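To start, the structure itself, in structure tokens.
The values are calculated or read from the model by the stated rules, or taken from the named source; none is laboratory data. What you see is a predicted model; the values in this text were computed from it and never measured. Ideal geometry is used to build each Cβ from the backbone, glycine not excepted, and the neighbour counts take in all protein chains shown.
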Amino acid sequence: MEALRNTLAGIDARADTPFFIGGDWQAGSGGPMLEVVAPHSEEVLMRYPEATREDVDRAVAAARRAFDEGPWPRMEPAERGAALKRVATLLRDRMPELAEAWTGQVGAVIGFTRKASGQVPGLFDFYGDMAADYAFVEHRTRSSGGKVRVVGEPVGVCAAITPWNAPLVLLCYKVAAALAAGCTIVAKPSPETPVDSHILAECIAAAGLPEGVFNMVPGGREIGDHLVRHPGIDKVSFTGSTGAGKAIAGACAERLARVSLELGGKSAAIVMDDADLGAVLPSLVPYSMPITGQVCFSLTRVLVPRARQDEVMDAYVEAVRRVRVGDPFDDGVQMGPLSLSRQRDRVEGYVARGRAEGARLVTGGGRPAEHNRGFFFEPTVFADVTPDMTIAREEIFGPVVSFIAYDTESDMVAKANATDYGLHGAVYSADPERAYAVARQVRTGSLTINGMVVDIEMPFGGFKQSGLGREGGIEGLENYLETKTIYFA
């Protein structure tokens, strides 16, 4: 944790100026003190004041000035792209800190965070290049022969509200794309995981972006609600729970503010009758419980042919029982703790509900006896689960997987779609084209055939209650553009 402790020491050195507003670190307005707790040890890593409404107002005013009067939206897109590439370089230099901050605050294992943190500079490089190449002005000709220019213009001042499970990756999906479009940002990271956003603010400042283009004010739900309803915000981009997303969508609807939502999931891994089990387990085991199951695209429902359910489940359970749970900073550990004490309570409640409704607990289901400190929970597998059960319908956000048997291909597709969510999924088959045909029938924003892939260069988002809009890819940039049509009469 040496890199993390150095980062925390730097943040502590400017404890009197905890918020990044208008291009500088500024003092708060006297909000209550919050704690950042390491979930594997319950050690308090950091104390800081929560942003107040007054702090949010100052941040929005700074972003508003930067958009209405500043140079950023008026720069040539290639110039913005070059600035984003400078941010990417600075972030890449701080990769050890990014990985340790993620592990220390969330409990994601260090082997995973060292690899996945590469998405952070990757997003700034990707959108930096796109800003230089994207056709923000398209020339068209009317059928009558008149000339038209269709222009993509930045939507304005954007609120970027992100959760605690993958704090910086999820924030940078928004920030890199919005900045490439020419927007300005007020970021509200989760109060449990503010460290990453401090690193991002430092890199943006060092890269020389104009003051007010990026502002950062960590806070809880009340502060988020004030930001969402603020008349100075043109667009809200939110990642988090479906319940919170519905509330945000309603608040934005009142004033027709633009909104995009990346919400929850209950993704299915569909194992077809011809699937090679040896090819299924290498991706199914880690991606059914990534970050201890605290990922929206986790493959938490495993659909198996009734004739093969014992074979598939026995092999999966054997692999899961070999997963090493422990200190996430230990290179040999494969699963860390849940991120929050209240999250462990939530998972325990769902396990109890599953048993009460008739699901069969095959393995796990409690706190590991060897860990008397930290928010640890055993990898848990249920069998005999039916689509009407709570554990099959609701997003648990923990290491709990449900096995659901199907009889026919139509039954398989129906059970895959028997959910209010539609975020991600996987289809396993010896015949990729047969799997593709099934994937086209599943009502979800993305799927992987014979594996698990989420790529920052491709669109990601959900059907149904998994959200509105897409992040990543060219669609992520277009998420932050308004379309203007200019006719030459």
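Let's see how each residue does on (1) under 19 Å from the mean Cα position of the chain (by Cα); (2) under 30 Å from residue 334 (Cα atoms):
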| site | (1), (2) |
| --- | --- |
| 48 | no, no |
| 56 | no, no |
| 65 | no, no |
| 77 | no, no |
| 96 | no, yes |
| 103 | yes, yes |
| 108 | yes, yes |
| 147 | no, no |
| 158 | yes, no |
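Of the candidates 383, 319, 369, 392, the single residue that is more than 30 Å from residue 36 (Cα to Cα) and free of Cβ contacts under 8 Å to residues at least 60 places away in the same chain is 319.
If you check 154, 96 for being more than 19 Å from residue 293 (Cα to Cα), touching a Leu at 6+ places or on another chain (Cβ under 8 Å) and in contact (Cβ under 8 Å) with a residue 60 or more places away in the chain, only one passes: 154.
In this structure, is residue 151 assigned by TED's automatic domain parsing to the domain that holds residue 199, of a type in the set (Val, Ile, Thr), over 25 Å from residue 262 (Cα atoms) and out of contact with any Ser or Thr (no Cβ under 7 Å at 6 or more places or on another chain)?
Values: assigned by TED's automatic domain parsing to the domain that holds residue 199: yes; of a type in the set (Val, Ile, Thr): yes; over 25 Å from residue 262 (Cα atoms): yes; out of contact with any Ser or Thr (no Cβ under 7 Å at 6 or more places or on another chain): yes.
Answer is yes for this residue.
Counting only residues that are free of Cβ contacts under 8 Å to residues at least 12 places away in the same chain and of a type in the set (A, V, I, L, M, F, W, C), which one in the stretch 248-280 is farthest from residue 306 (Cα to Cα)? Per the stated criteria, the residue is 256.
The sole residue among 312, 320, 302, 280 that is within 16 Å of residue 405 (Cα to Cα), part of a helix (DSSP H, G or I) and of a type in the set (Val, Ile, Thr) is 312.
Within the stretch 1-44, how many residues turn out to be among the aromatic types (Phe, Trp, Tyr) and modelled with pLDDT under 95? Walk me through it before giving the result.
Step one: of the stretch 1-44, the residues among the aromatic types (Phe, Trp, Tyr) are 19-20, 25.
Going one step further and asking which of them are modelled with pLDDT under 95, we end up with none.
The number of residues fulfilling the criteria is 0.
When 194, 210, 231 are checked against the criterion of being free of Cβ contacts under 8 Å to residues at least 60 places away in the same chain and of a type outside the set (Phe, Trp, Tyr), 231 stands alone in meeting it.
Comparison of 429, 410, 402 shows that the only residue that is surrounded by 15 or more Cβ atoms within 10 Å (Cβ to Cβ), modelled with pLDDT of 95 or more, of a type in the set (Gly, Ala, Ser) and more than 27 Å from the chain's Cα centre (by Cα) is 429. Criterion first (part of a helix (DSSP H, G or I), under 24 Å from the mean Cα position of the chain (by Cα) and β-branched (Val, Ile, Thr)) does residue 270 satisfy it? It is false that residue 270 is part of a helix (DSSP H, G or I), under 24 Å from the mean Cα position of the chain (by Cα) and β-branched (Val, Ile, Thr). A residue that is in contact with a Cys (Cβ under 7 Å, 6 or more places away or on another chain), over 29 Å from residue 43 (Cα atoms) and buried (at least 23 other Cβ atoms within 10 Å of the Cβ) occurs somewhere in the stretch 72-90.
Restricted to the stretch 186-205, and to residues there that are out of contact with any strand residue (DSSP E or B) (no Cβ under 8 Å at 6 or more places or on another chain) and of a type outside the set (Val, Ile, Thr), the residue that is surrounded by the most Cβ atoms within 10 Å (Cβ to Cβ) is 196. Applying the criterion of at least 1 residues that are within 26 Å of residue 177 (Cβ to Cβ) to the strands (runs of 3 or more DSSP E) found wholly in the stretch 18-115 leaves 19-21, 24-26. Within the set 155, 217, the sole residue that is under 19 Å from residue 31 (Cβ atoms), touching an Asp or Glu at 6+ places or on another chain (Cβ under 8 Å) and among the β-branched types (Val, Ile, Thr) turns out to be 217.
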